[in-house]
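Notes follow once the structure below has been shown.
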Amino acid sequence: MKNIMELFKGDAAKFFGIDKKIMAPARTELIHIDMTKKTDDWVFLTEDNTYIHFEFQSTKKPNDLARFMVSDAILYTKERKTIKTIVVYSSNIKSAITELNAGSIKYGVDAFFMATLDGDKTYNEIKAKIRAGEQLTKQDLMSVVFLPLMKSNVHKTKRMEQAIQLSTEINDRNRQLQIQAMLQILADKFIKNRSQLSKIKEMLNMTRLMEMIIEDKTIEIAKNAIKEGADIDFIAKITGLDKTKIKKLKKELQTEAS
């Protein structure tokens, strides 16, 4: 999970309108005195040594704020760092209560409504960028992740499938895997229909399998080209592999031959 969250480093929080640089993931599992494990969605340590706590919701239950308050109180007690909590609501929710008055305790969160984002427009813009070979920004990558939660004329399951397909076209293997892993986490949380969820997971598994097969074939082509004495620049051009990777393959082949 922490490896996946590498995508959130830097200025990625600007996606939610937060002008703070994220430095590293922070603890999300909190053990309370009664030995009940409190698991938050995402918690990050920022550049000013404070926490940003994200909760993702497709419902707005009366007890939600109290639950978030308890988690934040435990985290603050353990770490003594201030916490900013953002509740991210999927596109079916247009408004929500953000303050809880418990007498001596007054608790508030910020709400971010995915209904304010046009998923159809975002999907078309990112698809056009990828097809044109443009470099995607951190904000673009975050948009791919959260496409299924945005306002759209298509069902969120269909939009999830489109987001997975977009991820396969990103020209960075690590980014692909991070985004696909995050999409699976969101699918587990927001898609309640078992057959639809099963279809999404099957699509993700097939995507990863095909990527592995393609990668294996690409490496085999590179190895054959190395054996034929092809230039490293030429091999990089025909396979798309990084030159460092090709040099490593060449060294491995030379070791095997000796």
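The values are calculated or read from the model by the stated rules, or taken from the named source; none is laboratory data. Source: prediction; values computed, not measured. Note that we place each Cβ from the backbone using ideal geometry, even for glycine, and neighbour counts take in every protein chain shown.
For segment 117-152, the tally of residues that are basic (Lys, Arg) and either touching a Leu at 6+ places or on another chain (Cβ under 7 Å) or at pLDDT 95 or above (or both) stands at 4. One residue alone among Thr77, Thr98 is polar (S, T, N, Q), over 24 Å from the mean Cα position of the chain (by Cα) and at pLDDT 95 or above, and that residue is Thr98. Within segment 169-197, being touching a residue at least 60 places away in the same chain (Cβ under 8 Å), buried (at least 16 other Cβ atoms within 10 Å of the Cβ) and not hydrophobic (A, V, I, L, M, F, W, C) holds for Arg175, Gln178. Out of Thr85, Thr46, one residue alone is modelled with pLDDT of 90 or more, in contact with a His (Cβ under 8 Å, 6 or more places away or on another chain), closer than 23 Å to Ser143 by Cβ and of a type outside the set (Phe, Trp, Tyr). It is Thr85. Pairing each residue of segment 128-152 that is outside any helix (DSSP H, G or I) with any residue that is aliphatic (A, V, I, L, M), provided the two are 6+ apart or on different chains, yields C-beta distances under 6 Å for Met150/Met114; Met150/Leu117; Lys151/Ala115. Of the residues making up segment 143-158, those that are surrounded by fewer than 21 Cβ atoms within 10 Å (Cβ to Cβ) and in contact with a helix residue (DSSP H, G or I) (Cβ under 7 Å, 6 or more places away or on another chain) are Lys151, Asn153, Thr157.
Let's see how each residue does on (1) among the polar types (S, T, N, Q); (2) touching a Lys or Arg at 6+ places or on another chain (Cβ under 6 Å); (3) modelled with pLDDT under 85:
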site: Ala187; (1), (2), (3): no, no, no
site: Met203; (1), (2), (3): no, no, yes
site: Ile213; (1), (2), (3): no, no, yes
site: Thr218; (1), (2), (3): yes, no, yes
site: Lys223; (1), (2), (3): no, no, no
site: Gly240; (1), (2), (3): no, no, yes
site: Lys251; (1), (2), (3): no, no, no
